[in-house]
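The values are calculated or read from the model by the stated rules, or taken from the named source; none is laboratory data. What you see is a predicted model; the values in this text were computed from it and never measured. As a convention, Cβ positions derive from the backbone with ideal geometry for all residues, glycine included, and neighbour counts pool all protein chains shown.
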Amino acid sequence: VALESEIQIGIQRGEFELFYQPQVDLHGATVAAEALLRWRHPIRGLVEPNDFIPVAESSGLIVQLGTQVITAACHKLQDWADDPELAPISVAVNISARQFRDARFVDDICAVLDATAIEPAKLVLELTESALLECVEETAEHMMELKKRGIRFALDDFGMGYSSLYYLKRLPIDQLKIDQRFVSDVLSDPNDLAIVRTIIALAQCLGLRVVAEGVETQATSGFLLAQKCHLQQGFLFSRPLPAAAYEQFMRERQ
Ligand code: G
Ligand code: G
Ligand code: MN
Ligand code: NA
């Protein structure tokens, strides 16, 4: 309960901040970023999502916090739209199951899209399979409505669930994100190698984009490039960065 009320206060005080981690395409260009939430706590310092997202989810505060996250991401996209070096960037935002199936979710996103006039395709919503599983009918309905507005969807942590193929068929998904647990040892573990190859081939056959996360070495990156994995994300390119540092990273890289 203590942490819950602290989160509530933190939301009111604007202590939550988005970091951005680059996603690099086949030509080595940074074309997207994943927005990752951090809590700048006045006493504890920078708090990682794993230390507060579970409580935000169980208390329902994730709905309010998630709206702040989407609003912040869309305002960042709006800022970047006027900057030639940053205009091409898409932003991927993580969405919790509880947040996604909330009755106000679609209206809230549409309101932010209208207020910022960003290109909807630049906003990618990352959902996990477990999020999809929790309430398939409502989730599918919300996805279809947002899809009509032009928003894109990524299936996060792909490969960790057990009924992915069913969702790929039923839901308007644009991207698969290969879980970093398969990527980290892809060059030393034959099973991970087989899994990563299969996911990339599956995505290509279905006409989906595929993102590998947790890319930490040049060798892994070279392998993924040879496999024509569309996007790569990981510490090799950059850790998640505060917005100003991400903008700096983009200016130095281009
Ligand atoms: O940045 P880091 O690797 O510590 O993130 C850990 C986990 O927190 C990841 O699973 C990520 O999906 C989740 N996460 C990060 N930011 C957000 C957010 O804004 N909303 C939700 N719901 N989850 C997030
Ligand atoms: O579950 P999700 O994929 O949203 O979580 C992304 C998490 O992975 C973030 O917490 C981010 O900090 C972390 N991450 C990003 N790149 C790397 C990497 O190259 N190696 C490791 N170990 N973690 C990473
Ligand atoms: Mn993610
Ligand atoms: Na992931």
Among the numbered criteria (1) β-branched (Val, Ile, Thr); (2) farther than 19 Å from Gly14 by Cβ; (3) surrounded by fewer than 19 Cβ atoms within 10 Å (Cβ to Cβ), which single criterion is violated by Val55?
(2)
Within segment 107-126, is even one residue touching a helix residue (DSSP H, G or I) at 6+ places or on another chain (Cβ under 8 Å), at pLDDT below 95 and within 11 Å of ligand 1 (Cβ to nearest atom)?
no
Does any residue of segment 31-38 turn out to be assigned to a loop (DSSP other than H, G, I, E, B), more than 22 Å from Thr116 (Cα to Cα) and within 12 Å of ligand 1 (Cβ to nearest atom)?
no
For segment 181-216, enumerate the residues that are within 16 Å of ligand 3 (Cβ to nearest atom) and either farther than 13 Å from Cys229 by Cβ or more than 19 Å from the chain's Cα centre (by Cα) (or both).
Arg181, Ser184
Can you tell me which residue within segment 91-103, out of those that are more than 16 Å from ligand 4 (Cβ to nearest atom) and either assigned to a helix (DSSP H, G or I) or modelled with pLDDT of 95 or more (or both), is surrounded by the most Cβ atoms within 10 Å (Cβ to Cβ)?
Gln99
Among Asp174, Asp157, which is within 16 Å of ligand 4 (Cβ to nearest atom), touching a Lys or Arg at 6+ places or on another chain (Cβ under 6 Å) and within 26 Å of Leu37 (Cα to Cα)?
Asp174
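Check Leu127, Leu132, Leu146 and return the single one that is within 16 Å of ligand 4 (Cβ to nearest atom) and part of a helix (DSSP H, G or I).
Values: Leu127 fails: part of a helix (DSSP H, G or I); Leu146 fails: within 16 Å of ligand 4 (Cβ to nearest atom).
Just a single option satisfies the conditions, and that option is Leu132.
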Search result, residues across segment 5-43 that are in contact with a Phe, Trp or Tyr (Cβ under 9 Å, 6 or more places away or on another chain), away from ligand 3 (no atom under 16 Å from the Cβ) and either free of Cβ contacts under 8 Å to residues at least 12 places away in the same chain or of a type in the set (Asp, Glu) (or both):
Glu6, Glu15, Glu17
Just to check your reading of the model, which residue among Ser184, Ser188 is surrounded by fewer than 19 Cβ atoms within 10 Å (Cβ to Cβ), without any contact (Cβ under 8 Å) to a residue 40 or more places away in the chain, within 15 Å of ligand 4 (Cβ to nearest atom) and over 22 Å from Val124 (Cα atoms)?
Ser184
Met160 versus (1) closer than 18 Å to Ile200 by Cβ; (2) within 14 Å of ligand 3 (Cβ to nearest atom); (3) surrounded by fewer than 21 Cβ atoms within 10 Å (Cβ to Cβ); (4) at pLDDT 90 or above: which is the lone unmet condition?
(4)
Report whether or not Leu176 is buried (at least 20 other Cβ atoms within 10 Å of the Cβ) and in contact with a strand residue (DSSP E or B) (Cβ under 7 Å, 6 or more places away or on another chain).
yes
